[in-house]
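Below is one structure, written out as structure tokens; the observations come after it.
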Amino acid sequence: MIPREVVVVGEHMGRELTDVTLEMLACARELARSVGWRVTCVILTDDPKPFEGLPLNADRVVVVKDPGLGTPNPAAYARVLPHILKDLSARLAILGNTSLGMDLAGPLRAALGAPVISGCVGARAEGDRIFVTSRLCGGKLQAQVEPGDGLAIVLMMPGVGHRELGMRDEVPPLEVRPAPVSVEPLPVRFKELIEPPVEDVDVTKIPVLIAAGRGVQSKDNLVGLEDLAKELGGAVCATRPVVDQGWLPRSRQVGRSGMTVKPRLYLALGISGAPEHTEGMKESGLIIAVNTDPEAPIFDVAHYGATVDVLELVPVLMEKIKGAKGGS
Ligand SMILES: Cc1cc2nc3c(=O)[nH]c(=O)nc-3n(C[C@H](O)[C@H](O)[C@H](O)COP(=O)(O)OP(=O)(O)OC[C@H]3O[C@@H](n4cnc5c(N)ncnc54)[C@H](O)[C@@H]3O)c2cc1C
């Protein structure tokens, strides 16, 4: 019989599950629900305590415990996971398309002979058949991939799933297992987590983003955008050229080599809409694009668009918003 188990390999940092873990659970649940499969969340750790009582959207949580699994070390995970995935008879193993997931994909493929599908942005099932949508050529193309009957390893892009659906009201049963093989000795050892300096806003968590492109033309013109963002309770983010010119810190860059964001509102000002940029923002709730060029590709991903000069628009917009709020 074909296995009917979707296994999500949880990632954690500082004893907290990461957003991509919740996004993967949401995707796994949606896939499993339509065909009556089971979702198992696997967490590798040295201490199960922080993961007890979490209302994760899974049918069960399997915690694999070993002193060598205290930090997310791909070499340790690569020893343990093949045994766990085999024991669980996983049909689909979902990992993050993250540095950890990418480090694990090769060893898992070698140990299990399973295909790896990277850049996943969605998955669906029809009967016992699974279809995975995968991004190619930096998001310019998408492919529908159907893995065979055995185990398939899927790397899911961070930011494409619905994080909030990774939780539910119930707490699933949690089972603690010892590592099935010895984790030591390891070829690499985790030494220290170096946190980025907390000097700036986290654009991935802001519901309203005013995004500046090269069309904004100068650093001085960002002041108007900052005021607009403040008025709307949001923050300013940017394309890579804006960041490269030093107008904003790297932490504000959206796109392939920056952040993936999904705000309620993304106001794209003077942005052409290169795939490297849209890759990081096209899942936003409402996208409004402003560009003087009616052929700009940003209009292909925008819900609304205006072909006007941003420098003329921003002061007018500001006035209108203040007026609507009853201000001066
Ligand atoms: C490996 C790689 C990774 C990359 N990663 C990223 C990334 O993470 N994020 C990212 O953003 N880019 C990234 N890029 C760069 C990307 O390819 C584009 O060059 C970049 O997104 C373009 O930025 P832009 O839209 O601000 O500038 P432009 O492409 O120059 O567009 C400016 C737009 O402003 C419009 N405009 C000009 N004046 C006005 C005005 N007064 N009013 C209204 N509109 C106006 C123009 O019509 C034009 O469409 C990457 C590239 C590579 C090769």
Aspartates and glutamates with Cα under 15 Å of LYS65, excluding same-chain neighbours fewer than 8 positions away
GLU11, ASP46, ASP47, GLU52, GLU175, GLU184
Helix 310-324 versus the longest principal axis of the chain: what angle, 0 to 90°, nearest 10, using Cα atoms?
90 degrees
Can you tell me how much longer the chain between VAL181 and LEU136 gets when fully stretched, taken as 0.36 nm per residue apart minus their C-alpha distance, in nm with one decimal?
12.6 nm
Extension length gain for GLN144 and ARG264 (0.36 nm per residue less Cα distance), in nm, is 40.4 nm
Could you identify which residue out of ALA152, ALA58, ALA111 has the top mean-square fluctuation in a GNM of the chain using Cα springs shorter than 10 Å?
ALA111
Grab the beta carbon distance between ASP300 and SER89, set R0 = 51 Å, and tell me the FRET efficiency rounded to 0.05.
0.75
Cleavage-rule hits, GluC sites (Glu not before Pro), the stretch 233-328, DSSP coil, Cβ neighbours within 10 Å at most 13
GLU295
Which of the GluC sites (Glu not before Pro) across the stretch 22-57 are loop residues per DSSP, with 16 or fewer other Cβ within 10 Å?
GLU52
Cα-Cα over 24 Å: which of LYS230/LYS325; LYS230/LYS320; LYS205/LYS230; LYS205/LYS320; LYS140/LYS230; LYS86/LYS262?
LYS205/LYS320; LYS140/LYS230; LYS86/LYS262
Could you tell me which of rounded, prolate or oblate describes the stretch 203-324, using a ≥ b ≥ c as the square roots of the eigenvalues of the alpha-carbon gyration tensor, with rounded for a/c under 1.5 and, failing that, prolate when a/b is larger than b/c and oblate otherwise?
rounded
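A short reminder: the numbers here are calculations on the coordinates, not readings from a lab. Quantities reported herein were computed from a predicted structural model and do not represent experimental measurements. Note that we place each Cβ from the backbone using ideal geometry, even for glycine, and neighbour counts take in every protein chain shown.
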